[in-house]
Every structure is written in structure tokens, then in C-alpha cells.
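The values are calculated or read from the model by the stated rules, or taken from the named source; none is laboratory data. The structure presented is a predicted model; accordingly, all values stated were derived computationally and were not measured. Glycine gets a Cβ as well: all are built from the backbone with ideal geometry, and neighbour counts include every protein chain shown. Accessible surface areas use protein heavy atoms only, side chains included; no ligands, DNA or RNA. Shrake-Rupley method; radii C 1.70, N 1.55, O 1.52, S 1.80 Å.
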Amino acid sequence: MSWNLCGIELGSPLVAASGPLGWGKEFFEIFSTDGLGLFIPKTVTLKPKVGNPPPRIVETTGGLINSIGLENDGVYEWLKLEDLYRSLDIPVMASIAGGSLEELSTLGEIMEKLDYIAGVELNLSCPNVEGENWSNNTTSVLEATREVRKTYSRLLFVKLPPKDNIFPYIEASRSGGADGFTLFNTLPACDRIKGGLSGPAIKPVYIRLLKEIMEEIDIPVMASGGVMTEKDVRDYLYLGVKAVQIGTAFFKDPDIAKRIYQELQ
Amino acid sequence: MPEIYSGEVLENRSAGELFLLTVSIGKSIDIIPGQFFLIRIDREDTVLRRAFSIFDKNDDRLSFLYRVVGKGTGWLSERKTGYELNIFGPLGNGFSLVEGRSLLVGGGTGMAPLYYLGKNINGDVDFLLGAQRKTFWSEELLSRYRDIGNLELVTEDGSSGKKGLVTQYIKNACYTKVYACGPMEMLKSIDIDVPAEVSLESVIACGFGACRGCIVETVSGEYKRVCKDGPIFDLREISI
């Protein structure tokens, strides 16, 4: 099987979503890329971010609320993982986020120089960072996308939050230069902590939102939300998405991609 | 290096208010006392594995001591002999062992990692175990601790051993090292002059240091990962 994500050949439609596996260092020490078509490391910011205070995760019925707050050591530490990313036998797409247009522009500039990065996923929708949510209005979605597009010329995906009437946001981002979309980030929720809900509980919501979009417009989409099984992947692929991201399911089965890929064949 | 094992349940029975689970993973592996395993809960309404520190190891057999506190451990307690559990580990750093006389303090289920630790310490071992009441432990379980060290019990209601909390009975007396596991409040109230290591608990997601979900704030204000930087920390890192 071969899959094509806007010109990038993928050996599998399964994508390791940004977040759960961190930057990949610890994960790939233990596990292989088996079953995966693409790896997206945890979102990188220009400067290091300490993230939110504990507790950061709460399990709910059929789901998980997280509030990590984009903790990461900053892009200059992330660049040190070049050897790891080059050594993987699957493409790597960088996930970036920024608190200002300048930051986004600089990150785009840095990514532009990296030939081992297949594309950029612009995270405009982390629900856990105060004051950095670009996806609250279409103007900032347009501006943020345009800013990255100015400095980054290759494949650009934009990750948006789950919401009704998202068409204006998609249109804004497309006119800013987005090639495709990751739909969606986690669902804002609260149970002991405020954060983003993931896991099987959100899948029916995401299927509905995505169905409406896919029926309406023809855009490259990576689906993300609640995939635990092969059936979940098929449900998303049936809607016409290019690839399907797996996130929370790695916690239950770190080798989930290998298993689902075998079942898909 | 941690791996995913299929662990056949050999026994899973109650021991006082706890459960003692023994599985066979088909091969003997190296485990440092204090390391933990993540056991998959095969229910559709849970997404996280549950973390259990190693209680004992004999050849290819791993034992865990746990208490039923929610749907994950509830499900686990219902597994019968022959069930194949999906077990990921060993994870975390583990205790650093020193020679000499050691005091091993366990509050409630915090006693679990101390048995395998005690077995591996080269020197005299004193156990100080605390629980709410006598029925928390089974006599058989306590006798295993007695086999490898001196055992002193503390109960909150005074139904067995001394009355009160374990931390009231920690003496500095000639110990090379103190090891403790239990609730955070208990660990923070330990007041001793000798080197001490504590085992922390947290909700664990990935288990190998990637997701940053299980962090704990150290006294210096730094965030550390319980699953990778720990679960064993120097007491001075978490308590002034």
C-alpha cells in the first residue's frame, strides 16, 4: 500500500500525532516505526516552555483530559535531534506553535532550512495555553498561516480545533497559504482539570464535524481524534481523508500502529 | 530496555485488603527494585494503563501487590488464572542500593516495592509498615516481610502494632539509608538526617518520559517526570 499526502509518499496512512510521543527520542529507543507512515513530534516553540503545573492528565470515561501546556525545550534543543529524524525510515513533519507572528516567522525560517523535515504542521489550537489560541477568530488564523507561509515554502498543514461552522477558518487559513489541515486538536473539556479531551469518547463528535467538511469542500485532511482500532481508521478514511493520526491510543498500546496497519491489510 | 510482555496470570488473589498478582512472562529479566510496569486494562472505557511497582520477581514470574481503587484495578482483580495480561516494562529508574542497615518505610500500598527492595539489599533491613487497620494486611503477606527483615507495624486505629502514622516512628538510629513509599503527605513529613529515597506515585500515561503528563514539582521549582526521572527521588528533591 502506498499513500500520498500532498506529494509525500507514505508507506502507511497512520500518523503518530504530535504530543503523546514527545519528540520521539524516548519512544524510538524502545519501539520501531512499524505501521507508521509519518511521525509528528510534539509541538516545538521558539523558546523553551515549562508547561502547566501538575496535575496534567485525568482519565475520564473513554477519554483523557490533558493540560501539558506545550512543555518543550525550545526549537534549538529540538534541532539536536536531526540525527534521530534522519535515521527514521519514515518522513517527519514538524509541529510548531508561537505566541507572536514574529515567533511563527522565525520558526518557519528555521524549518525552511531543514531538508530532513517533510513539512510543517502549524498548531493553532492548543487548548491549554493562555492567550496563545490563534483559532478564536478568522483574522488571526489568516495572519498566523500567512506569516509561516512567508518563510516556509514547503508542505504546510494547519491544525484546527473542533468547532461548528469551521469553514470560514479553513478558508482563512487556505488564503493564508495552508496546503492541508489536521482536523482536529483535542476537545476543550473539564473534569478535575481543564484541558483537551482525547480518546474514543470524542470520535463520534469528530466524525460528524469532519463529515460535514469533507462533503462540502475538497481539501487534504489528516484526521485526528479518538482512533483506537482499525475500524476507527477505516471510518475516517471512508470520509476521504488522506491520513489518520493516532495519539492517545499509544498510551494503551505503544505498538498500536503496527497492529492496526497489519489489520488494515 | 523495557518491552511489552504477555503475562499469563498464575495467581491473583486477595491478601488482606490487597491483591497479590503473579504472572509468568516466559523469560527472566533484570529489574531494579523500585521500577514499575504498566499493565493494560482491556476495557473500552479506559485509555491509560495502570502502573504497578514490582513487588517480587522469581525467574520468569513477576508479582504485584495492589489495592482495588477504581475501574482499572477492579478489572484487574477479576482476572482469573490463565488470562494473558499485556505488561509493559520495566520502567523508571529504581532505588539505588547501598550496603549497611536500611529502614524501609511503607504507607498503605506503599509497602509493595519494599519487599523486592528488601530482598536485594545487602545488609540488615528494618521494615516499618503502616495502614489504617490490622485487616489491611494478611498474616501470610506480613510473614514474607518478616522472612527478610525486622518488621514493625503501625495502624491508625491501633488495632495492630503501634498506633498512629508511620512517620511518627521513624528513628534516625544508625541507618545507612532510608527508603520510603506512600502518599505524598507521608513522604513530605519524613524528617531525618540520613540519606533517603522515596518512590512517588502519579497518573502515568506513556511511562517512558515522552508525554510529560506525570510531572512533579521539585523543591527547586523544576518539573521532573515521575515515570522517567523517577519514580524514585532523593527525599530532598521533593521535601525541604
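Label reach from B:Arg13 (point 7 Å along Cα→C-beta): in segment B:67-95, amide nitrogens under 13 Å belong to B:81.
Annotation note: GluC sites (Glu not before Pro) in segment B:138-240 located in DSSP loop regions with a Cβ neighbour count of at most 10 within 10 Å are absent. Of B:Ile41, B:Ile170, A:Gly199, which is farthest along the charge dipole of the protein assembly as shown in the positive direction, counting Lys and Arg as +1 and Asp and Glu as -1 at C-beta? Value: B:Ile170. Which parts of segment B:196-240, residue by residue, lose 40 Å² or more of accessible area when the rest of the protein chains are there, as against the chain isolated (1.4 Å probe)? Residues passing the criterion (a loss of at least 40 Å², heavy atoms only) are B:Ala205, B:Phe208, B:Ala210, B:Cys211, B:Arg212, B:Gly213, B:Ile215, B:Tyr223. Taken along the Cα-to-beta-carbon direction at a fixed 7 Å, the label points for A:Arg259 and A:Val205 span 2.5 nm. When chains A and B come together, the accessible area they lose, probed at 1.4 Å and totalled over both chains, is close to 2600 Å². I'd like the carbon and sulfur percentage of the solvent accessible area for chain A, probe radius 1.4 Å, heavy atoms only, ligands and nucleic acids excluded. C and S atoms contribute 50 percent here. Note down the relative contact order for chain A as a percent, whole number, built from C-alpha pairs under 8 angstrom at least six residues apart. About 21 percent, as a whole number.
Under the simplified labelling scheme, the B:Met1-B:Glu139 pair shows an inter-label distance of 4.8 nm, with each label point 7 Å from Cα along Cα→Cβ. Within the shell defined by Cβ-Cβ distances under 15 Å, the residues around B:Lys71 carry a net charge of +1, with Lys and Arg each +1 and Asp and Glu each -1.
Solvent-accessible area per residue in the protein assembly as shown equals 40 Å², computed with a 1.4 angstrom probe and all protein chains kept. How much net charge surrounds B:Arg50 when only other residues with a Cβ under 13 Å from its Cβ are counted (Lys, Arg +1; Asp, Glu -1)? With Lys, Arg at +1 and Asp, Glu at -1, the net is +4. Buried on complex formation within segment A:46-61 (loss of at least 30 square angstrom of accessible surface versus the isolated chain, 1.4 Å probe, ligands and nucleic acids ignored): A:Pro54, A:Arg56, A:Ile57, A:Glu59, A:Thr61. Expressed to the nearest 5 percent, the antiparallel share of DSSP beta bridges inside chain A is 40 percent. DSSP assigns beta bridges within segment B:91-240; of those with both partners inside it, close to 20 percent run antiparallel.
Within the full protein context, the accessible area of B:Val203 is estimated at about 70 Å² for a probe radius of 1.4 Å. From its DSSP helices (H runs of at least four residues, each -39,500 (n - 2.57)), the protein assembly as shown gives a residue-normalised ellipticity at 222 nm of -6500 deg cm²/dmol.
Carbon-plus-sulfur accessible fraction, segment B:3-91 (probe radius 1.4 Å, protein heavy atoms only): 43%. Between A:Pro41, A:Leu101, A:Leu81, the Cα set farthest toward the positive side of the dipole of segment A:1-126 (charges on each charged residue's Cβ, about the Cα centre) is that of A:Leu101. A full extension of the chain between B:Thr81 and B:Ser28 corresponds to an added length of 17.1 nm, given 0.36 nm per residue minus the alpha carbon distance. Of the trypsin sites (Lys or Arg not before Pro) found in segment B:1-77, those in coil by DSSP whose Cβ has at most 11 other Cβ atoms within 10 Å are B:Lys27. For A:Thr139 and B:Asp60, the FRET efficiency from 1/(1 + (r/R0)^6), where r spans their Cβ atoms and R0 equals 51 Å, is about 0.25.
Taking all Cα pairs closer than 8 Å and separated by 6 or more residues, the relative contact order of segment B:3-91 comes to 42 percent. Counting charges near A:Met228 (Lys, Arg +1; Asp, Glu -1) among other residues having Cβ under 15 Å from its Cβ returns a value of -1. Per residue, the average separation of C-alpha pairs within less than 8 Å and at least 6 apart gives segment B:87-239 a relative contact order of 24 percent.
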